[in-house]
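One structure is given below, encoded as structure tokens.
Each reported figure results from applying straightforward, stated rules to the coordinates on display, with no laboratory input. Since this is a predicted model, take the numbers as computed values, not measurements. Neighbour counts run over all protein chains shown; Cβ positions are idealised from the backbone, glycine included.
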Amino acid sequence: MSYPAPHATNRAIVPPLAFAGERIGLMGGTFNPPHEGHLACAETALRRLQLNRLWWMVTPGNPLKHNDGLPPLEQRITASRSLTRNDPRIVVTDFEQGLSSRYTFSTLRYLKQHMPGVRFVWIMGADNLVGFNRWQNWRGIANLVPMAIVDRPGWRHAALASPAARALARSRLPESRASLLPMADPPAWAFLTTRLSELSSTSLRTPSDDATP
């Protein structure tokens with residue numbers, strides 16, 4: 001069974017095509033700008049979780065940050081597609097702009113309601129896990145889909161000691177079982193080690209950029 005544009009009342013809400021049973025990674029952020037660290041995170045998730053595809057979701061803005069001076073969405077989409085052009089498994093999309101909310105929980109709830117047969121996994125860097133407890137309805141996010149946390153330089157210890165990691169400790173899968181994560185019932189998460197890139201959007205421009213809460 002395939003899921004094209006799911007019966008949306010807003011014609012702008014058109015997620016990428018997916019099929020029931022597929023493993024789809026979801027990696028969201030403003031990507032201002034996208035860089036090799038983002039790409040390493042995506043490729044790690046694709047490989048370690050044995051995903052069919054990864055949706056690189058470029059968001060209109062980050063609710064926890066000032067978005068003054070944020071480049072137009074189209075510019076960030078173009079830059080993201082240029083960076084990921086050699087991996088057809090990565091699908092760059094801006095469908096979140098059609099949703100009434102910019103929060104991750106709302107996006108995931110929409111996808112789970114309209115594409116129930118797809119095995120979604122939320123992907124984010126270890127730096128985002130540190131402040132995950134500040135995201136809107138973060139516990140709801142953890143209860144909607146499994147989560148993969150990809151290591152970032154200098155963030156491993158802070159991430160694993162974070163309030164969210166401690167609260168979800170019993171739901172953590174051993175890294176050796178990461179390939180089972182997409183099939184796990186949430187809450188479930190795994191921490192993935194990988195080659196680390198020192199690049200960050202913060203070092204490439206100001207203000208800082210991370211995944212959207």
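I need the peptides 18-25, 29-36 ranked by packing, meaning the mean over residues of other C-beta atoms within 10 angstrom, with the highest value on top.
On the way: 18-25: 18.4, 29-36: 21.2.
Going by the mean number of other Cβ atoms within 10 Å, highest first, we get 29-36, 18-25.
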Where trypsin sites (Lys or Arg not before Pro) fall in DSSP loop in the range 146-199, at most 10 other Cβ within 10 Å:
R195
Projected-area mean, the range 12-122, by convex hull of Cα positions, square nanometres:
6.8 nm²
Run the simple label-point estimate for S101 and E175 please: 7 Å along Cα→C-beta, distance reported in nm.
3.4 nm
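Which length gain, in nm to one decimal place, applies between R89 and H114 when the Cα-Cα distance is subtracted from 0.36 nm times their residue separation?
Working: separation 25, 0.36 × 25 = 9.00 nm, distance 2.18 nm.
Length difference between fully extended and current span is 6.8 nm.
What full-extension length gain, to one decimal in nm, is calculated for E74 and A167 as 0.36 nm per residue of separation minus the Cα-Cα distance? Don't skip to the answer; put the middle values down first.
Values: separation 93, 0.36 × 93 = 33.48 nm, distance 3.75 nm.
Taking E74 through A167 to full extension adds about 29.7 nm, to one decimal.
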